[in-house]
1. Using the Cα centre as the reference, give the magnitude of the dipole from point charges on the C-beta atoms of the chain (Lys, Arg: +1; Asp, Glu: -1; all else neutral), rounded to the nearest 20 debye.
2. Once a ≥ b ≥ c are taken as the square roots of the eigenvalues of the Cα gyration tensor of the stretch 48-136, is the result rounded (a/c under 1.5), prolate (a/b larger than b/c) or oblate (a/b not larger than b/c)?
3. Provide the FRET efficiency to the nearest 0.05 for the Y50-A80 pair, computing r from the beta carbons and using R0 = 41 Å.
4. Rolling a 1.4 angstrom probe over the protein heavy atoms, how many square angstrom per residue are accessible across the chain?
5. Using the Cα gyration tensor of the chain, with a ≥ b ≥ c the square roots of its eigenvalues, what is the shape: rounded (a/c below 1.5), prolate (a/b larger than b/c) or oblate (neither)?
6. So what's the net charge close to S74: Lys and Arg +1, Asp and Glu -1, counting the other residues with Cβ under 14 Å from its Cβ?
7. Run the accessible area of the stretch 47-122 with a 1.4 Å probe and give the carbon-and-sulfur part as a rounded percent.
8. Report, in deg cm²/dmol and to the nearest 500, the calculated mean residue ellipticity at 222 nm for the chain, where each DSSP H run with n ≥ 4 adds -39500 (n - 2.57) and the sum is divided by the residue count.
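The values are calculated or read from the model by the stated rules, or taken from the named source; none is laboratory data. Given the structure is predicted, the values throughout are model-derived calculations rather than measurements. Positions of Cβ are generated from backbone atoms using ideal geometry, with glycine treated the same way; all protein chains shown enter the neighbour counts. Ligands, DNA and RNA are stripped out before the accessible areas are found, and what is left, the full protein with its side chains, is counted by its heavy atoms. Shrake-Rupley method; radii C 1.70, N 1.55, O 1.52, S 1.80 Å.
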Amino acid sequence: QKTTVVGNGKSGIRFQTFPEALQKDLRKFSDKGGKLIVSGGYLASDLYDYRAPDGSATFAEHVLGISHGASEKSYTGRVATLPSRLGTGISDRLYSYSNTLNDKNYIVERPDVLNPSGNIEAEVLMTFTDTNLPAGLLTKKGKSRSAVMSIPFESITDRTQRDALMGELLKWLDN
């Protein structure tokens, strides 16, 4: 869900992607070698929003290993995983995600482009097929590993592919 200002803003903000307390807990978890799979269409844009809690951009860059990329819309609703230099065992595949009205899932209208922050080891996991811009990253920092995707995981339309990707991500995280 996207961070939402309630009413005229006096009532506050709801649906923050990473509230301050969660950022603090995930930073501790990561510092202890924790492993994360994070997905959501507005991950980067919410963390870099001027209304985000203090330190959100630092959290994005140093814990998740991402920086906010271009705000270029992908129209195909498709992403492709890439060969890995990190020895991930992730298969080269095309995935479709829900980007049009349908009766099975919500629409992923404008997922973020995710660039490696340069603060921790990272590589591109997947790109949008029409723009070749990064839609997902794999990151490593000490014993901690993360898979970060701007395509909500549940929006991948083919269940068999979704299950296969989850299995491959879990294997990589466990190495």
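1. The dipole magnitude comes to about 360 debye.
2. Oblate, because a/c is 1.5 or more while a/b does not exceed b/c.
3. 0.80
4. Per residue, the chain has 52 Å² of solvent-accessible surface.
5. It is oblate, given that a/c is not under 1.5 and a/b is not larger than b/c.
6. Neighbourhood net charge equals -1.
7. 48 percent
8. -6000 deg cm²/dmol
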